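The values are calculated or read from the model by the stated rules, or taken from the named source; none is laboratory data. This one's a predicted model, so the numbers in the text were calculated from it and none came from an experiment. Positions of Cβ are generated from backbone atoms using ideal geometry, with glycine treated the same way; all protein chains shown enter the neighbour counts.
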Amino acid sequence: MSHTMGARQAQKQQSRRALLDAGLHLLADQNLASLGVREVTRAAGLSPAAFYRHFPDLAALGVALVEESLASLHVMIRSVLAGGDGAEEVIDRAVEVIEQHVRDHRPHVRFLSRERHGGVRQVREAIDAELGRFAAEVGAALALQPASEGWGPEDLRMLAELYVDRMVSTAAAFLEALEAPDADPEAERRIAAAAGFQLRLISLGRRHWHGS
């Protein structure tokens, strides 16, 4: 009995994975609002009935993709911000890691960039909520650094949101450069230089901020 239940659970997970992969693949060329359930299930090799065993609608599929898309980004940015106190090498490392993340997770970054201001309200709200939780986690990491001594929670949240917003925007810029018809490595270098400069400005402001 337990073996049968385990096989069914594995099959269920496999079907769900197939739907997520199919959705992400189809969203390379369109937004979620224009996608249909039959289109997703056809690409996944499943029936429409199978879709509804996993998701009540396409918005729920989109929300699951939001969680999946941001999971690795959370780990990546927390690790670089928690690893130092705004030092030059930490900023340079952050930019390098963002660029590599975009190369490794291009479909997820593309999905987030498009749907962050897209037409499906539940997905927009899910992205905003995930980025809000993300900022809270980064703020907690920043609070442990000596440069944050004496900072209140509101100021730490503001600083965390600045870092997160700048890094997400940088990821979107790298994606646009990578997917340009005439992709130019020089454009990527310009994005990296601009991102480093912007993060240094935030770091400089942090050192001279006396609190709100």
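Pick from the range 101-129 the residues that are modelled with pLDDT under 90 and over 11 Å from the mean Cα position of the chain (by Cα): which of them is farthest from Ala160 (Cα to Cα)? Explain how you work it out, then say what you get.
Just the residues of the range 101-129 that are modelled with pLDDT under 90, to begin with: 101, 118-119.
Applying the additional criterion that residues be over 11 Å from the mean Cα position of the chain (by Cα) yields 118-119.
Values: Gly118: 24, Gly119: 27 Å.
Ranking the candidates gives Gly119 first.
What do you reckon, is Val90 touching a residue at least 40 places away in the same chain (Cβ under 8 Å), aliphatic (A, V, I, L, M) and assigned to a helix (DSSP H, G or I)? Working first, answer last.
Details: touching a residue at least 40 places away in the same chain (Cβ under 8 Å): no; aliphatic (A, V, I, L, M): yes; assigned to a helix (DSSP H, G or I): yes.
Answer is no for this residue.
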Exactly one of Leu61, Leu65, Leu73 is in a helix (DSSP H, G or I), modelled with pLDDT under 75 and within 18 Å of the chain's Cα centre (by Cα), and that one is Leu73
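Run down Gly132, Gly139 and say which single residue is surrounded by fewer than 16 Cβ atoms within 10 Å (Cβ to Cβ) and assigned by TED's automatic domain parsing to the domain that holds Leu162.
Numbers: Gly139 fails: surrounded by fewer than 16 Cβ atoms within 10 Å (Cβ to Cβ).
The unique qualifying residue is Gly132.
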How many residues, within the range 35-61, are over 18 Å from Lys12 (Cα atoms) and exposed (fewer than 12 other Cβ atoms within 10 Å of the Cβ)? 2
Total residues in the range 108-123, condition in contact with a Leu (Cβ under 7 Å, 6 or more places away or on another chain), assigned to a helix (DSSP H, G or I) and over 15 Å from Leu175 (Cβ atoms): 1
Considering only the range 149-163, I want to know if a residue exists there that is in a helix (DSSP H, G or I), over 20 Å from Met76 (Cα atoms) and in contact with an Asp or Glu (Cβ under 9 Å, 6 or more places away or on another chain). no
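Here is a yes/no grid of residues against (1) in contact with a helix residue (DSSP H, G or I) (Cβ under 8 Å, 6 or more places away or on another chain); (2) surrounded by fewer than 18 Cβ atoms within 10 Å (Cβ to Cβ):
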site: Pro107; (1), (2): yes, yes
site: Asp128; (1), (2): no, yes
site: Val164; (1), (2): yes, no
site: Met167; (1), (2): yes, no
site: Arg189; (1), (2): no, yes
